[in-house]
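Below you'll find the structure, written out as structure tokens, and then a few comments.
The values are calculated or read from the model by the stated rules, or taken from the named source; none is laboratory data. Everything numeric here is computed off the predicted structure, so don't read it as measured data. For neighbour counting, all protein chains shown are included, and Cβ atoms are generated from backbone atoms with ideal geometry for every residue, glycine included.
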Ligand SMILES: Cc1cc2nc3c(=O)[nH]c(=O)nc-3n(C[C@H](O)[C@H](O)[C@H](O)COP(=O)(O)OP(=O)(O)OC[C@H]3O[C@@H](n4cnc5c(N)ncnc54)[C@H](O)[C@@H]3O)c2cc1C
């Protein structure tokens with residue numbers, strides 16, 4: 001098999017890239033280790049920046065998003081038993097975010113790609129990449145037990161944090177920056193209508209809590225927990241009780257409760273590899289960087305990477321230019337580090353670190369007070385949350 005751009009991974013990065021290239025008449029093949037059903041049902045992010053929403057419309061995959069996406073013009077920061085709204089529209093000239101689950105985005109992208117008769121090879125086994133420092137890199141794998149070799153001009157490593165692409169870069173070239181946090185998120189899906197119009201980020205002495213939603217009858221709720229904890233230790237009743245304790249307000253706010261249909265524990269980490277390219281391999285999305293989900297940046301950052309990559313590849317094929325490909329890593333890393341900082345900052349402000357660190361707790365309360373009472377501080381949060389312009 002032969003193609004222009006071989007893409008490893010059918011997550012947001014890989015699928016958006018395939019459609020961006022398709023629009024420019026550049027051929028690609030997506031190689032994915034899981035089945036279509038698996039990737040279409042994987043529950044993950046749900047907050048789309050305006051730029052991501054606009055891109056979906058531009059690619060002609062925004063129909064269901066338009067019908068089902070919920071526009072949020074702000075968030076609530078809740079602490080000391082009171083809620084404080086950060087008004088995105090007022091602070092950022094009318095911008096907002098849209099709540100639309102990542103697996104719905106994935107369904108839309110896969111449907112568009114397959115409708116155009118472009119290949120996605122699901123359930124590929126033992127995927128590996130070779131010849132990255134030459135002119136004809138290959139992706140090798142097995143389909144139904146038979147060996148396959150895909151020759152490419154370029155390979156996009158869009159295979160997430162645990163993929164094989166990043167590990168194929170020689171170790172002496174990799175510069176890794178990382179931070180792990182002493183807590184995780186216990187996340188649940190609850191069958192109940194939204195308890196609030198917008199997301200609620202809560203700082204509480206028992207730990208962080210987040211009220212979010214995925215659709216008019218499905219809530220996504222999180223509580224800070226020990227990352228080593230076993231989800232089996234948490235009965236549904238315990239989770240609901242913990243949410244109610246952390247979310248309680250002086251004016252008796254009520255969580256709408258229903259059956260919990262999924263629960264899991266997610267570790268939190270920050271991670272960046274530099275550079276994001278080696279020879280003819282270009283990393284994009286979680287393969288190159290991870291942010292804690294507090295800033296809702298993971299999916300959006302993956303989209304920003306592949307927009308740069310698609311542009312650079314288009315300039316290569318249409319104008320024989322290599323400068324944008326050479327600058328790919330530097331171009332992406334500016335936005336990556338901004339998102340890393342914002343996600344770390346939100347995480348540090350809203351979570352309990354050590355129970356007995358009274359100094360840190362006073363600092364967090366001071367930062368929260370400042371953020372909700374200074375227009376400058378609130379604007380900084382708002383413009384980062386809705387997403388900086390693509391030129392960042
Ligand atoms: C459990 C979880 C919950 C999350 N929740 C949130 C959230 O609430 N808010 C938020 O903003 N972000 C969240 N994120 C982050 C966000 O979902 C990611 O940033 C986003 O999915 C990145 O997209 P990606 O395409 O780079 O990687 P991925 O979505 O990870 O896609 C990578 C794809 O590559 C495939 N793959 C992996 N290895 C191989 C291989 N060897 N060969 C072929 N294919 C391979 C995978 O199966 C996958 O389909 C969450 C992430 C996880 C893991």
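Any chance the range 315-327 includes a residue that's within 11 Å of the ligand (Cβ to nearest atom), touching a helix residue (DSSP H, G or I) at 6+ places or on another chain (Cβ under 6 Å) and without any contact (Cβ under 8 Å) to a residue 40 or more places away in the chain? Before you say what the answer is, go through the steps one by one.
Filtering the range 315-327 down to residues within 11 Å of the ligand (Cβ to nearest atom) leaves none.
There is no residue in the range 315-327 that is within 11 Å of the ligand (Cβ to nearest atom), touching a helix residue (DSSP H, G or I) at 6+ places or on another chain (Cβ under 6 Å) and without any contact (Cβ under 8 Å) to a residue 40 or more places away in the chain.
Anything in the range 271-294 that is surrounded by fewer than 19 Cβ atoms within 10 Å (Cβ to Cβ) and within 12 Å of the ligand (Cβ to nearest atom)? List them, or say none.
The one that is surrounded by fewer than 19 Cβ atoms within 10 Å (Cβ to Cβ) and within 12 Å of the ligand (Cβ to nearest atom): 271.
Restricting to the range 325-358, give me the number of residues that are over 22 Å from residue 281 (Cβ atoms), at pLDDT 95 or above and exposed (fewer than 13 other Cβ atoms within 10 Å of the Cβ).
Counting residues in the range 325-358 that are over 22 Å from residue 281 (Cβ atoms), at pLDDT 95 or above and exposed (fewer than 13 other Cβ atoms within 10 Å of the Cβ) gives 0.
In the range 213-227, is there at least one residue being over 23 Å from the mean Cα position of the chain (by Cα) and surrounded by fewer than 16 Cβ atoms within 10 Å (Cβ to Cβ)?
Among the residues of the range 213-227, not one is over 23 Å from the mean Cα position of the chain (by Cα) and surrounded by fewer than 16 Cβ atoms within 10 Å (Cβ to Cβ), which makes the answer no.
I'm told residue 35 meets every condition in (1) within 19 Å of the chain's Cα centre (by Cα); (2) within 15 Å of the ligand (Cβ to nearest atom); (3) surrounded by fewer than 21 Cβ atoms within 10 Å (Cβ to Cβ) except one. Can you identify the failing condition by its number?
Among (1) within 19 Å of the chain's Cα centre (by Cα); (2) within 15 Å of the ligand (Cβ to nearest atom); (3) surrounded by fewer than 21 Cβ atoms within 10 Å (Cβ to Cβ), residue 35 violates only (1).
In the range 10-21, is there at least one residue being touching a residue at least 12 places away in the same chain (Cβ under 8 Å), assigned to a loop (DSSP other than H, G, I, E, B) and surrounded by 19 or more Cβ atoms within 10 Å (Cβ to Cβ)?
Yes, the range 10-21 contains at least one residue that is touching a residue at least 12 places away in the same chain (Cβ under 8 Å), assigned to a loop (DSSP other than H, G, I, E, B) and surrounded by 19 or more Cβ atoms within 10 Å (Cβ to Cβ).
Six or more apart or on different chains, Cβ under 7 Å: which pairs go from a residue in the range 340-352 that's more than 15 Å from residue 200 (Cβ to Cβ) to one that's in a helix (DSSP H, G or I) and at pLDDT 95 or above? Could you list them?
342/295; 342/384; 343/294; 343/295; 347/294
With respect to residue 260, determine if the residue is more than 13 Å from the ligand (Cβ to nearest atom), in contact with a strand residue (DSSP E or B) (Cβ under 7 Å, 6 or more places away or on another chain) and either over 21 Å from residue 352 (Cβ atoms) or touching a residue at least 24 places away in the same chain (Cβ under 8 Å) (or both).
yes
Looking for whichever is under 30 Å from residue 197 (Cα atoms) and in contact (Cβ under 8 Å) with a residue 60 or more places away in the chain here; the options are 3, 92. Which one fits?
That would be 92, the only listed residue that is under 30 Å from residue 197 (Cα atoms) and in contact (Cβ under 8 Å) with a residue 60 or more places away in the chain.
State the number of residues belonging to the range 180-204 that are surrounded by fewer than 17 Cβ atoms within 10 Å (Cβ to Cβ) and within 16 Å of the ligand (Cβ to nearest atom).
Counting residues in the range 180-204 that are surrounded by fewer than 17 Cβ atoms within 10 Å (Cβ to Cβ) and within 16 Å of the ligand (Cβ to nearest atom) gives 1.
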